Amino acid sequence: MIGVISFFDRSDFVTYNKVEFMVLNFDFDIAALFIESIVIFFYYYKRSVPSMQSNLFIMIVFTLVACTVFELVTIYIKYHYASVPIGLQWFFQCLYFTAANSFGIIYIMYCIALTDYLHKLTKLKLLFVTFCIIFPYVISLLIIWTGPFLDKFYPMAFSITPEEGYVRNKNFWFYALYGISAYYVILSLLKLIQERKHISARELRVVFCYIGIVLFSVFIQYRYYGMFVQCFAISVALLMFFFYIQRPEKVLDSITDTLNQVSFFKKVDQMFSRNNSFTCLVLILDDTVFMGNTIGMDQLNMMLKEVAIFLKDRFSFAQTFCLNQECFCIIVKNSTEERIQAALKIIQNRFNMTWMYESVEVKLYSRLCVIDCPKDASSSSDIMDIISMVSSDERYKTPLLYADEIDLEDKRRTVYIEHALRQGLSNNRFDVYYQPIYSVSEKKLIGAEALIRLMDEDGFFISPEDFIPIAEKTGTILRIGEFVYESVCRTVSVIDLEEYGIKKIDINLSVAQCMQEILAEQILAIQSIYNIPTEIINLEITETAAAHTPEILLRNMQKLSEAGFELSLDDYGSGYSNMNYMLNLPFKMIKIDKYIVWAAYADERAEKALAATIRMIKSMGMTVLAEGVEESDQAQWLERLGCDYLQGFYFSKPVPKNEFLEIMKNRDSNELKI
């Protein structure tokens, strides 16, 4: 930007006599130097982050200082040109124009760094952008520095004469310099507008305000000769940059004074874009929340700051980042196995000792994870996925872990399912399917089990075996359970049950639902809204729920049983089999898990155990439903063992509501013989 205005401040210098020179006002240049000194002081005092953007900013400041100083020097020379050697005059004029014209190229590079534009480019595009930026600057330097040598033969942008000193030449080369500076201004504006989505609205306003201040100062200096306001105006604008864009707190963690997560993302994305090899040493501190509650957050923060100081001091050759209150990451470029092992040993040895701050002594428990990039991760999101798994997954809570030991695909699948669950609830991607149930005594289908189904954004179904466990962990299962129950009640309320021969609909209750004290009240409230007969609903409770919430579950089951709901124990034999559940809870039916059925069908000893179990259940006055029936022989075998109800693909797979109703409507003509 200053390259543009540099051509106005010498305008028609030769037309002014010595008396007129005395009215020139240098106060603004002195004030500019003062402001520039303040910016430089606070830049280093606040320990600005050594990033490309920060480095270019301080280059802009120093270039502006050079412009201000050389402006004062060249004006002084103009006063005393007769006593200053022509060679020295040429030298300082060339230095001034070099500094002034360097401002444009540094500023466009700063704008590119501000928008993170470079790391998005392919190698070919990067070469093209580099050429477009550097080539005009090289031309401007040639125009400036060839002037002293070609002046006698072919004057360039300006001349130095014994009679008048500095003289501006209004020729092609002067306007070429002007055009090059204008080119950088326009290119900066275009790039900022093009990449405006990648910087905040406030930052964009500051940048445009800066350009407006500079252009206004150009007009003032051109209109009022002798008022050198350009450097002062740019200094004020850079002060705005420093406080609104170059804020250290934007990239530094406020507690530990290390680079924060935003800086981490920028750094690793740049390194990935340049195909750099590097290693991330991730340090995870366990129980920071507990320690904060125990020793106080102020003391904990001081401890974290001590950890950060240790990491930065011992690993000065690397960069240390604080990703959150319990996680630090050290990025080591071009690391060797020996160097990484030595770093791990240093960290482990230090954390085997206690940490002391003032009178508080604390033992910090840590874990380490080594991520070799790009082998183990190809993006910043991959690294964060690994760190998330190491932090939260019990399988990976070991003192030292290498990323190649982590099942990252499992984590991605989990994230994908979590997203699908959130979208499913908000975008109606859940549906209730029905799997028919066969009555052995009536020799026909008499109802179904309601099963939840989830479809992702691309229209593919996600297996309940995949999303149900995740929904239980995230708490989403509560809304899913309510959705299934209400959907069944709505369906039952609008059909003629006798016409379809529907005598029971089984609905699963999740562990999370069974843990709720108000479960019975919620179920009864929805049932009353749709006014359906309670005896049509069979609520299935898994053995897991019975094991985890026996007291709460007993109270809820008693209320539901008294209201007329049938209750059954689902997936019996799948993992928590206990006679107490059947004795103490008011179940009317026991559902035998399909894996137990398949094992018994294939093995004689398992068959005897299943037969004894069925006899025991029936002797206690309960009915038995066997899951997983896939062929006629299985159905006949289970009937001989004494099962009351059968369910499986032999009768029907889970189907949508309308298809289920069609099956039930034609149940006599489609009757299966076993």
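Each Lys or Arg adds one and each Asp or Glu takes one away; over the other residues whose Cβ falls under 13 Å from the Cβ of MET353, this sums to 0. How many percent of the alpha carbon pairs in the stretch 408-496 exceed a separation of 16 Å? Pairs farther apart than 16 Å: 59 percent. Once Rh is set to the Kirkwood radius over Cα pairs, what Stokes-Einstein translational diffusion coefficient, in µm²/s, holds for the stretch 50-165 at a temperature of 20 °C and a viscosity of 1.002 mPa s? Once the numbers are plugged in, D ends up at 133 µm²/s. Sequence-distant contacts, meaning Cα pairs under 8 Å at least 6 residues apart, place the relative contact order of the stretch 319-401 at 18 percent. Calculate the length of the line joining the C-alpha centroid of the stretch 286-364 to that of the stretch 403-454, in whole Å. The distance from the Cα centre of the stretch 286-364 to that of the stretch 403-454 comes to 43 Å.
What size of dipole, in debye to the nearest 20, comes out for the stretch 402-455 about its Cα centre when the only charges are +1 on Lys and Arg C-beta atoms and -1 on Asp and Glu C-beta atoms?
It works out to roughly 420 debye.
With a simple spin-label model that places each label point 7 Å from the Cα along the Cα-to-Cβ direction, the separation between LYS363 and SER632 comes to 7.0 nm.
Projecting the Cα atoms of PHE216, MET622, MET664 onto the charge dipole of the chain (Cβ charges, centred on the Cα centre) puts PHE216 farthest toward the positive pole. Only the Cβ atoms of Lys and Arg (+1) and of Asp and Glu (-1) were treated as charged; on that basis the dipole of the stretch 443-498 about its Cα centre amounts to roughly 260 debye.
The fraction of accessible area contributed by carbon and sulfur in the chain is 58 percent, rounded to a whole number (1.4 Å probe; ligands and nucleic acids excluded). Computed 3J(HN,Hα) for the stretch 481-496, one whole-Hz value per residue from the Karplus formula 6.51 cos²θ - 1.76 cosθ + 1.60 where θ = phi - 60°, is x, 5, 4, 4, 4, 5, 5, 5, 4, 5, 5, 4, 6, 10, 10, 8, glycine and proline marked x. Taking amide H as placed 1.01 Å from N in the peptide plane, LYS444 has its amide H under 5 Å from the amide H of SER439, each at least 5 places away in sequence or on another chain. Shape index of the stretch 436-484: Rg/Rh, with Rg the Cα radius of gyration and Rh the Kirkwood radius from the inverse mean 1/r over Cα pairs, equals 1.15. Sorted into 10 angstrom bins from 0, the C-alpha pair distances of the stretch 344-436 split as 13, 30, 25, 18, 9, 4, 1, 0 percent. Grouping the Cα pair distances of the stretch 169-213 into 10 Å bins from zero gives a pair-distance distribution of 24, 40, 22, 12, 2 percent in increasing distance order. Put a plus charge on the Cβ of each Lys and Arg, a minus charge on the Cβ of each Asp and Glu, and nothing anywhere else: the dipole of the chain about its Cα centre is then about 2720 debye.
Kindly sort LYS78, LYS123, LYS266, LYS653 by accessible area of their heavy atoms, largest first, with the probe set to 1.4 Å.
LYS123, LYS653, LYS266, LYS78
How large is the Rg to Rh ratio of the stretch 233-366 when both quantities use alpha carbon positions and Rh follows Kirkwood?
Rg/Rh: 1.04.
Remark: the stretch 365-378, residue by residue, has Karplus-estimated 3J(HN,Hα) of 8, 10, 9, 10, 9, 10, 10, 8, 9, x, 5, 8, 8, 10 Hz, where x stands for each Gly or Pro and the curve is 6.51 cos²θ - 1.76 cosθ + 1.60 at θ = phi - 60°. Averaged over its residues, the chain has an accessible area of 48 Å² per residue, based on protein heavy atoms and a 1.4 Å probe.
What does the charge count around SER235 come to, taking other residues whose C-beta lies under 15 Å from its C-beta (Lys +1, Arg +1, Asp -1, Glu -1)?
Its environment carries a net charge of -4.
Full extension of the segment from LEU189 to LEU344, taken as 0.36 nm per residue of separation minus the current Cα-Cα distance, would add 51.1 nm.
With a 1.4 Å probe and every protein chain left in place, tell me how much accessible area LEU56 has, in Å² to the nearest 10. Using a 1.4 Å probe on the heavy atoms, I get roughly 10 Å². Simple spin-label estimate for ASP298 and ILE518 gives 4.0 nm between the two label positions (7 Å along the Cα-to-Cβ direction from each Cα). Ordering THR256, TYR166, MET557 by Cα displacement along the dipole of the chain toward the positive end leaves TYR166 in first place; charges were set at the Cβ atoms of Lys, Arg (+1) and Asp, Glu (-1).
Ranking ALA377, ALA66, ASN508 by how far each Cα lies toward the positive end of the dipole of the chain (charges on Cβ) leaves ALA66 at the top.
If you wrap the tightest convex hull around every Cα atom of the chain and split its volume per residue, you get 246 Å³. The solvent-accessible area of GLU627, taken with every protein chain present and a 1.4 Å probe, is close to 20 Å². Mean sequence separation of contacting Cα pairs (under 8 Å, at least six apart), scaled by the length of the chain, corresponds to a relative contact order of 9 percent. Counting only DSSP H runs of at least 4 residues, each contributing -39500 (n - 2.57), and dividing by the residue count of the chain, the helix-based mean residue ellipticity at 222 nm comes to -18000 deg cm²/dmol. ASN658 sits among other residues whose Cβ lies under 13 Å from its own Cβ, and their net charge, with Lys and Arg +1 and Asp and Glu -1, is -1.
Note that the stretch 133-148 has calculated 3J(HN,Hα) couplings of 8, 7, 4, x, 5, 4, 4, 5, 5, 5, 4, 6, 8, 8, x, x Hz, one per residue in order, obtained from phi through the Karplus relation 6.51 cos²θ - 1.76 cosθ + 1.60 (θ = phi - 60°); glycine and proline are x. Within the full protein context, the accessible area of ASP287 is estimated at about 90 Å² for a probe radius of 1.4 Å.
The values are calculated or read from the model by the stated rules, or taken from the named source; none is laboratory data. Worth saying up front: this structure is predicted, and the values here are computed from it rather than measured. FYI the Cβ positions are ideal-geometry reconstructions off the backbone, even for glycines, and counts take in every protein chain you see. These area figures cover heavy atoms from the full protein model, side chains too; ligands, DNA and RNA do not enter into them. Shrake-Rupley method; radii C 1.70, N 1.55, O 1.52, S 1.80 Å.
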